[in-house]
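A short write-up of the structure that comes next.
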Amino acid sequence: MLPVLVHFTFTSLWSQLFLYALALGVVAYIAHNGWRGAEGTPKAQGEKPPPPTRQERLVRALVYGAIGAVLAWFGLKYALPADAIPGGKGEGLPLHTYGILLATGFLTATSVASRLAQEEWRKMMWVPDARGGGQWVDVEGPRKREALMDLAFYVLVGGLVGSRVLFVLVNWKDYSRDWSQVFSLGGGLVFYGGLIGAGLAAFYFARKNGMDFLRLADLAIPTVSLGQCLGRLGCFSAGCCWGDVTAAGARFAAHFPGSGVARDIFGRLTGTSSLAFQSQAQDSRYVVEASGEILHQAAPGAVRISEWVAQHGTTLPVHPTQIYESIGQLVLFVVLLYARRFRRFHGQIFALWLMSYAVLRTTVELFRGDTERGTLHGLLESLGARGLADAVPLEAWYNISTSQFISLCMFTFGATLLYRRIRRAGETAGVGPTPSPA
């Protein structure tokens, strides 16, 4: 695994000027996309918007550019030293495999969703030309494709905010000491929080643009699995979301490196430990290496986890849960993309995804070993209920995680939605003229 591909530093004047120019170019590109994607304001709801005025284009470009400038400012503060920008941290620009795969997954999902939107809303119209001929032109598909590209921006912001909020809530005890760390560039993200935040952003976008949310969700939700398939490979590279300890010699097992082992793409030591290694290096529990059994007290044949990883420089063998979910997400994407051909009503694919992913995630959670992600035991302990927490051991099957609880709610919501839509579709199909008595 390669947590960091390469680490760029900006200590010379020329490298700092290059980074400033690069940030300016990114902001200009974002503003240009805002200008190019502007639409006029329709006079009535449901009416086709007229061509945008210059003022409407300018306002949209300024809004997009301002948001891009804020993001660029935070990025520059992180990368540049204090003598190049006020408050600079001088961390440079490490190209993390996690970030690259996460970005690749997002862009891939956006591209596929925009293509599906063009096919979904395709509307052909005969356009005559001056010579008496003409051609068939899709007048609606390209507009919806552009709309999906705009939606990607809403989803990105909503997903980042939602994932960060849920991470803070799960780890509220750590942040209660200093709430200013909520806005720190460090910390983590939670997929379910991102999913909820992105869903709310998509719902707002659909209402704002007069689109059927369930129809939009049917085409977009399978691409979430496509993006997450690549995203979980990023988790594997970073050594986060790791699995529970396996028996020695297990066929499917992974070792995540410490700072003395992890290297970049050029084979140089990065000095960066995987998150799994950092966690196990502080784990005071004991493990029977042969069986992978975790104990809370010393026993014959057991060794303290922190001592084992310090000696070997890597984690104990653990389940590669990131790979498990990545494969499951890919299967889910392919199956639901094929199932779209046979849908009977809007919302069917969306409901099936909610239920299917809830089952997938709950199953994978059974093999997870990162107790930091939030569990019932940790919640009871943080609330001061030590007696109840001791009754729910970390390794117990009923020590459900935050994600398993959300999965249960999500499965229930998906099943309810599917039932109601099937019932409504049946009632609609049964509507017809009442036969007259003979």
Exercise for the section: Tell me, please, whether a residue that is of a type in the set (S, T, N, Q), closer than 22 Å to PHE8 by Cα and open to solvent by less than 40 Å² (accessible area, probe 1.4 Å) can be found in the range 90-108. Expected result: yes
Exercise for the section: For the range 36-44, indicate whether the set of residues that are of a type in the set (Asp, Glu) and either closer than 30 Å to LEU269 by Cβ or part of a loop (DSSP other than H, G, I, E, B) (or both) is non-empty. Expected result: yes
Exercise for the section: Quick one: in the range 310-332, of everything that is β-branched (Val, Ile, Thr) and farther than 20 Å from GLU395 by Cα, which residue is surrounded by the most Cβ atoms within 10 Å (Cβ to Cβ)? Expected result: THR314
Completion exercise
Filtering helices (runs of 4 or more DSSP H) wholly in the range 336-410 for at least 2 residues that are of a type in the set (Val, Ile, Thr) gives 348-365
Practice task
Of the conditions (1) buried (at least 16 other Cβ atoms within 10 Å of the Cβ); (2) under 30 Å from PHE8 (Cβ atoms), ILE265 clears all except one; give me its number.
Solution key: (1)
Completion exercise
Those residues of the range 279-309 that are open to solvent by 80 Å² or more (accessible area, probe 1.4 Å) and under 17 Å from PRO257 (Cα atoms) come to a total of 2
Handout entry: Residue that is at pLDDT below 90, touching a Cys at 6+ places or on another chain (Cβ under 9 Å) and of a type in the set (Ser, Thr, Tyr), where the choices are SER274, SER259
Key = SER274
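Yes/no per residue for (1) at pLDDT below 95; (2) more than 21 Å from ALA425 (Cα to Cα):
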residue	(1), (2)
VAL309	yes, yes
THR314	yes, yes
GLN322	no, yes
VAL331	no, yes
VAL335	no, yes
ARG340	yes, no
ARG343	yes, no
ALA351	no, no
ALA358	no, yes
Practice task
Run ALA238 past the list (1) out of contact with any Pro (no Cβ under 6 Å at 6 or more places or on another chain); (2) modelled with pLDDT under 90 and report the number of the one that doesn't hold.
Solution key: (1)
Handout entry: Residues that are touching a residue at least 12 places away in the same chain (Cβ under 8 Å) and open to solvent by 50 Å² or more (accessible area, probe 1.4 Å), drawn from the range 37-58
Key = GLU39, THR41, GLN45, GLY46, THR53, GLU56, ARG57, LEU58
Fill in the blank from the handout: Among ILE30, ILE67, the single one that is of a type outside the set (D, E, K, R), over 30 Å from ILE327 (Cβ atoms), assigned to a helix (DSSP H, G or I) and open to solvent by 50 Å² or more (accessible area, probe 1.4 Å) is ILE67
Problem - Condition met for GLY99 (in contact (Cβ under 8 Å) with a residue 24 or more places away in the chain, more than 23 Å from VAL334 (Cα to Cα) and outside any strand (DSSP E or B)) - result: yes
Exercise for the section: Please list, ordered by first then second residue, the pairs with beta carbon atoms under 6 Å, 6 or more apart or interchain, first in the range 301-320 and touching a residue at least 12 places away in the same chain (Cβ under 8 Å) and over 23 Å from LEU269 (Cα atoms), second open to solvent by 30 Å² or more (accessible area, probe 1.4 Å) and among the aromatic types (Phe, Trp, Tyr). Expected result: ALA302/TYR286; ARG304/TYR286; HIS319/PHE367
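The values are calculated or read from the model by the stated rules, or taken from the named source; none is laboratory data. Only a predicted model underlies this, so the values are computations on that prediction, with no experimental measurement involved. When we count neighbours, we look across all protein chains shown, and the Cβ atoms used for this are built from the backbone with ideal geometry, even at glycine. Only protein heavy atoms, including side chains, enter the accessible area calculation; ligands, DNA and RNA are left aside. Shrake-Rupley method; radii C 1.70, N 1.55, O 1.52, S 1.80 Å.
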